[in-house]
Amino acid sequence: MGAVVAVLGAGGTMGAAMARNLLRAGFGVRAWNRTRERAEPLAGDGAEVLATPAEAARGAGLILTMLADGDAVVGVMEGPDGALAGAGRDTLWIQASTVGEAATERCAALAAEAGVGFVDSPVLGTKEPAEAGEVVVLASGPDHLRPRVAPVLEAIGRKTIWVGAAGGGTRLKLVTNSWVLAAVEATAETVALAEGLGIDPSLLFEAVEGGPLDMGYLRMKGAAMTRGDFAPSFQLSLAAKDARLVEQSAARRGLDLPLVEAVRRRLEQAVPEHGHEDVSATYATSAPSA
């Protein structure tokens with residue numbers, strides 16, 4: 001067996017997929033999830049499921065956090081039952097959740113106080129790429145830690161992009177998320193417009209096919225919208241959270257990005273009814289029958 005990784009958030013869609021990919025790659029996995037029952041299936045794959053983050057981190061050389069937001073990440077790391085209480089001095093923390101700049105800075109400070117290495121490594125990809133080990137890892141942190149984290153990142157993703165000091169990965173994730181969320185909202189409104197004008201949306205896909213306006217994400221999310229199939233791959237409530245993080249970083253720098261604000265507002269509008277569904281359910285707020 002290779003190195004042991006404590007996976008915190010192992011019962012979530014992304015965390016469970018990463019834990020299984022680590023097990024397949026020969027790593028030992030100590031798994032924790034706030035709702036333990038959601039992580040229990042990993043025991044059948046060879047993981048050890050623990051009761052607290054501290055127990056999961058004890059004896060693990062690396063900690064991987066994959067949780068919903070910054071407060072959740074900080075909450076599992078600090079305190080007497082937090083992972084840092086069980087971490088050794090040579091433990092390395094890989095923070096893979098999308099938490100934004102302020103929370104990433106807070107995590108880096110916690111790691112420094114505890115004397116553990118910190119690598120900021122959010123990922124680009126949703127349920128299916130995570131299960132296939134095909135996410136893109138946007139990593140940042142000290143150069144000397146790269147050899148230790150590389151095998152873990154190779155196990156969970158198809159490629160790793162290094163973006164300088166810790167925090168660079170988060171900033172690149174915000175940039176990519178801005179594009180992804182804008183593309184989803186544009187698709188939703190375009191499909192709604194087609195239907196409102198009495199045009200079959202499939203004709204849109206035919207019109208752009210093979211040209212510079214064609215895009216796989218347009219086709220994938222557009223097809224989900226026309227079918228009304230909103231099984232979650234990238235949960236809409238998390239997409240709205242990510243849009244807020246983009247807007248916060250833009251505001252930090254005094255950037256005037258009205259599209260970012262408009263997309264964030266539209267996603268938040270859909271959350272009360274569709275937050276548990278896929279981000280493509282934002283279409284429901286624009287559909288002709290809405």
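The values are calculated or read from the model by the stated rules, or taken from the named source; none is laboratory data. Keep in mind the model is a prediction, meaning the values are calculated, not measured. Heads up, the Cβs are rebuilt from the backbone with ideal geometry, glycines too, and the neighbour counts pull from every protein chain shown.
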Anything in the range 1-29 that is under 14 Å from G157 (Cβ atoms) and surrounded by fewer than 21 Cβ atoms within 10 Å (Cβ to Cβ)? List them, or say none.
R24, A25
The conditions are (1) among the hydrophobic types (A, V, I, L, M, F, W, C); (2) surrounded by fewer than 22 Cβ atoms within 10 Å (Cβ to Cβ); (3) out of contact with any strand residue (DSSP E or B) (no Cβ under 6 Å at 6 or more places or on another chain), and L67 fails exactly one of them. Which is it?
(2)
Please go through the range 265-283 and pick out each residue that is in a helix (DSSP H, G or I) and touching a residue at least 40 places away in the same chain (Cβ under 8 Å).
R266, L267, H274, V279, S280, A281, T282, Y283
Only one of these is at pLDDT 95 or above and over 27 Å from the mean Cα position of the chain (by Cα): G210, G168, G222. Name it.
G210
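Restricting to the range 261-290, and then to whatever is hydrophobic (A, V, I, L, M, F, W, C) and buried (at least 21 other Cβ atoms within 10 Å of the Cβ), can you tell me which residue is nearest to the chain's Cα centre (by Cα)?
V279
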Wholly inside the range 53-150, strands (runs of 3 or more DSSP E) that include 2 or more residues that are over 15 Å from the mean Cα position of the chain (by Cα) are 62-65, 92-95, 117-120
All but one of (1) touching a strand residue (DSSP E or B) at 6+ places or on another chain (Cβ under 9 Å); (2) surrounded by fewer than 19 Cβ atoms within 10 Å (Cβ to Cβ); (3) in a helix (DSSP H, G or I) hold for K159; state the number of the condition that does not hold.
(3)
Every residue in the range 30-52 that is assigned to a loop (DSSP other than H, G, I, E, B) and surrounded by fewer than 24 Cβ atoms within 10 Å (Cβ to Cβ), please.
R34, T35, G46, L50, A51, T52
Return yes or no: is L204 surrounded by 19 or more Cβ atoms within 10 Å (Cβ to Cβ), out of contact with any Lys or Arg (no Cβ under 7 Å at 6 or more places or on another chain) and either within 24 Å of P129 (Cα to Cα) or modelled with pLDDT of 95 or more (or both)?
yes
Taking the stated definitions as given, is L213 out of contact with any Pro (no Cβ under 8 Å at 6 or more places or on another chain) and surrounded by fewer than 20 Cβ atoms within 10 Å (Cβ to Cβ)?
yes
